[in-house]
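Notes follow once the structure below has been shown.
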Amino acid sequence: MTLRKIFLLCALILSSGFVLPASAEQVQLKPFIPGSYQKLLDSNADKPFMLVIWSTTCSSCMKKMPLLHDLAKSRPEINIVMLSADDASATGLVQTVLAKNELTNLEHWIFAEENAQKLRHEIDPRWYGELPRTYFINKNNERHGISGALSKEDYNNIFKVLLN
């Protein structure tokens, strides 16, 4: 990423002008750029985790936010990492959605590259952008990706396999 792109990204984030209510916890969104997926794998080496890719424009994603909150509370042994496929201009809205659904204590990323297809390909060359998209990654970095909304039962069945 060029210095100009980094400057523009920072300017977009700082000028979003969106303010959360004083009672809402500010959500830290890490910029997801080329190389970030490998950083995610490295930082979660030797432990299973779930990567949830979502967007504010995805109605199924929005409907499943309360379930993700419940899973984060009831399954602390699973590290949940959330990646917003929105671009950096949606930072304020993404932060609001996460705060409203009490998901602020998770690790959060947001697409921060003009070429979203490049970022998707880095995660999975067989993923074409459908949302929601969830990856279950075991302690050996072996992954299983699923497109579409999942039920609580689906998650729990997958967790049984993931943790063994």
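The values are calculated or read from the model by the stated rules, or taken from the named source; none is laboratory data. Here the structure is a predicted model, which is why all the values come from computation and not from measurement. Cβ atoms come from the backbone with ideal geometry, glycine included; neighbour counts cover every protein chain shown. Remember, those area values only see protein heavy atoms, side chains included, never the ligands or the DNA or RNA. Shrake-Rupley method; radii C 1.70, N 1.55, O 1.52, S 1.80 Å.
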Check: In this structure, is Thr57 buried (at least 17 other Cβ atoms within 10 Å of the Cβ), among the hydroxyl-bearing types (Ser, Thr, Tyr) and either in a helix (DSSP H, G or I) or out of contact with any strand residue (DSSP E or B) (no Cβ under 8 Å at 6 or more places or on another chain) (or both)?
Finding: no
Check: Only one residue in His108, His69 is at negative phi, in contact with an Asp or Glu (Cβ under 6 Å, 6 or more places away or on another chain) and at pLDDT 95 or above. Which one?
Finding: His69
Check: Do any residues in the range 45-60 that are under 24 Å from Ala90 (Cβ atoms) have Cβ atoms under 7 Å from those of residues that are in a helix (DSSP H, G or I) and among the small types (Gly, Ala, Ser), where the two are at least six apart or on different chains, and which pairs are they?
Finding: Thr56/Ala90
Next item on the list: For the range 80-105, name all the residues that are open to solvent by 50 Å² or more (accessible area, probe 1.4 Å) and either part of a loop (DSSP other than H, G, I, E, B) or free of Cβ contacts under 8 Å to residues at least 60 places away in the same chain (or both).
Entry: Asp87, Glu102, Asn105
Margin query: Of everything in the range 116-164, what is of a type in the set (D, E, K, R), closer than 22 Å to Ala85 by Cβ and either open to solvent by 50 Å² or more (accessible area, probe 1.4 Å) or in contact (Cβ under 8 Å) with a residue 24 or more places away in the chain (or both)? Give them in sequence order.
Written below: Lys118, Arg120, Glu122, Arg126, Glu130, Arg133, Arg143, Asp154
Notebook entry, point to check: Looking at (1) out of contact with any helix residue (DSSP H, G or I) (no Cβ under 8 Å at 6 or more places or on another chain); (2) of a type in the set (D, E, K, R); (3) touching a residue at least 24 places away in the same chain (Cβ under 8 Å), which is the only condition Lys30 fails?
Noted result: (1)
